[in-house]
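The values are calculated or read from the model by the stated rules, or taken from the named source; none is laboratory data. As the structure is a computational prediction, the values presented were derived from the model and not from experiment. Cβ sites come from the backbone with ideal geometry, for glycine too, and all protein chains shown count toward neighbours.
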Amino acid sequence: MDIVQAAAVSWHPRASTSSSGSGLNCTRAQVRDAFRGDIGRREISCRLRLSDPRRTAGREQYFASTTRWQKSGAARIVVNSMKTDADEVQKVEEKDEEKGGRSFLTFLCPLLKLLGSGDPAAPRNVFLETTTSGFASIARLPWGSKVNAEVVAERGETGQPPQLLQLYEFEACPFCRRVREALTELDLSVEVYPCPKGSLKHRDFVKKNGGQEQFPYLIDPNTGASMFESSEIVSYLFKQYGGGREPSPGLLESTLVTGWVPTILRAGRGMMLYSKASSDTPSQKLELYSYENNQFARLVRETLCELEIPYILRNAGKGSALRGSLLKLAGSTKVPYLVDPNTGRSMGESQDIISYLFATYGVKN
Ligand SMILES: N[C@@H](CCC(=O)N[C@@H](CS)C(=O)NCC(=O)O)C(=O)O
């Protein structure tokens, strides 16, 4: 054990050195306690700032480190170096953050580089954005575009369940997409609680409530049902709110074939928590008129997800009973259309909505 490991172990007495001797293993909860919650916001890469016991002669010491969470919830911290010079530390920190925080997405798809240099809030190449999202929509045709007319006729305009269903999900997840497609076809509005990687608020809730971090996770307050497993959720939704019908042909099967295409084409947008997302939750839920396979609405949902903003998803697919109220509200049936009761603002046009969301909710306080 070298001096860095010794310091790390004494920094956290319950931690133990790994068998390889090059790092330190401890549980996610231990790490989170030690970093006062900050760790969850930097899941891929983090830097440890040592607290009082490691202060020597008035100098602060730092570790450069990388964490890799495993399914079990255990973390492995590899201590790379220890610095005492604050400027140097800062430089390494920025480099680490850039490299670590993005490496997963870069691995996922080189398109990331083309889609706004990796910073979700940076000005975007609108042509690339809409083209990649457009191809993503083509890949998922015909699912998630139009409602099941028979279901809508049976339920009528007031046919929403008395209480909104609650969906914990993230935009880039193909299994969550499968559920959102079903929601469009069944013309159901839901409360969405985005759980991007790095999310603390909603992921913790799912873990506590459902016992694991897996998405999608659905809660139906009307029946008391709650469940994981997208195929189970889709079957439940069709049974409960689709007149007992079977899921539309191909919807379940197609997820395994082309469900991942939007994730790749959109280079993982709607997957990671934006590093500067405000930790405050807006007091009232925003409302988004959308439908799953709309190429412009997808861009807005990605942003809501990256900012971890809970919202009411008003699905208004082709043939939706909601299109009448959308027309009254917005003067057109085009989606996306965002209503923010916190500021009194409402607007269409995906790029305007995205800029508004980052300007309003993308500032860490
Ligand atoms: N069989 C599950 C698979 C769900 C799944 O693998 N979800 C991934 C996201 S696509 C997940 O929850 N990963 C854990 C995480 O994001 O932390 C289903 O159909 O719902």
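Can you pull out every residue in region 189-225 that is assigned to a helix (DSSP H, G or I) and crowded, with 21+ Cβ neighbours inside 10 Å?
Correct list: H202, R203, V206.
Collect the residues in region 324-346 that are farther than 23 Å from F135 by Cα and either in contact with a strand residue (DSSP E or B) (Cβ under 6 Å, 6 or more places away or on another chain) or at pLDDT below 95 (or both), keeping them in residue-number order.
Correct list: G324, S325, L326, A330, L338, V339, D340, S346.
Yes/no per residue for (1) without any contact (Cβ under 8 Å) to a residue 12 or more places away in the chain; (2) in contact with a helix residue (DSSP H, G or I) (Cβ under 8 Å, 6 or more places away or on another chain):
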position: K207; (1), (2): yes, no
position: Y217; (1), (2): no, yes
position: I233; (1), (2): no, yes
position: R245; (1), (2): no, yes
position: G250; (1), (2): no, no
position: T263; (1), (2): no, yes
position: M271; (1), (2): no, yes
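Would region 287-298 turn up any residue that is under 15 Å from the mean Cα position of the chain (by Cα), assigned by TED's automatic domain parsing to the domain that holds V151 and among the hydrophobic types (A, V, I, L, M, F, W, C)?
no
If you take the residues of region 158-181 that are within 12 Å of the ligand (Cβ to nearest atom) and assigned to a helix (DSSP H, G or I), which of them is surrounded by the fewest Cβ atoms within 10 Å (Cβ to Cβ)?
P174
Take E154 and tell me if it is in a helix (DSSP H, G or I), of a type in the set (D, E) and more than 9 Å from the ligand (Cβ to nearest atom).
yes
Where the second residue is β-branched (V, I, T) and outside any loop (DSSP other than H, G, I, E, B) and the first is in contact (Cβ under 8 Å) with a residue 12 or more places away in the chain and lies in region 190-205, which pairs have Cβ atoms under 6 Å and are six or more apart or on separate chains?
What qualifies is E191/I312.
Filter region 246-275 down to residues that are of a type in the set (D, E, K, R) and either touching a Pro at 6+ places or on another chain (Cβ under 8 Å) or crowded, with 16+ Cβ neighbours inside 10 Å (or both), then give me how many there are.
Residues flagged as of a type in the set (D, E, K, R) and either touching a Pro at 6+ places or on another chain (Cβ under 8 Å) or crowded, with 16+ Cβ neighbours inside 10 Å (or both) within region 246-275 amount to 2.
Only residues that are outside any helix (DSSP H, G or I) and either small (G, A, S) or within 13 Å of the ligand (Cβ to nearest atom) (or both): list them for region 226-246, please.
Passing the criteria: S226, M227, F228, E229, G242, G243, G244.
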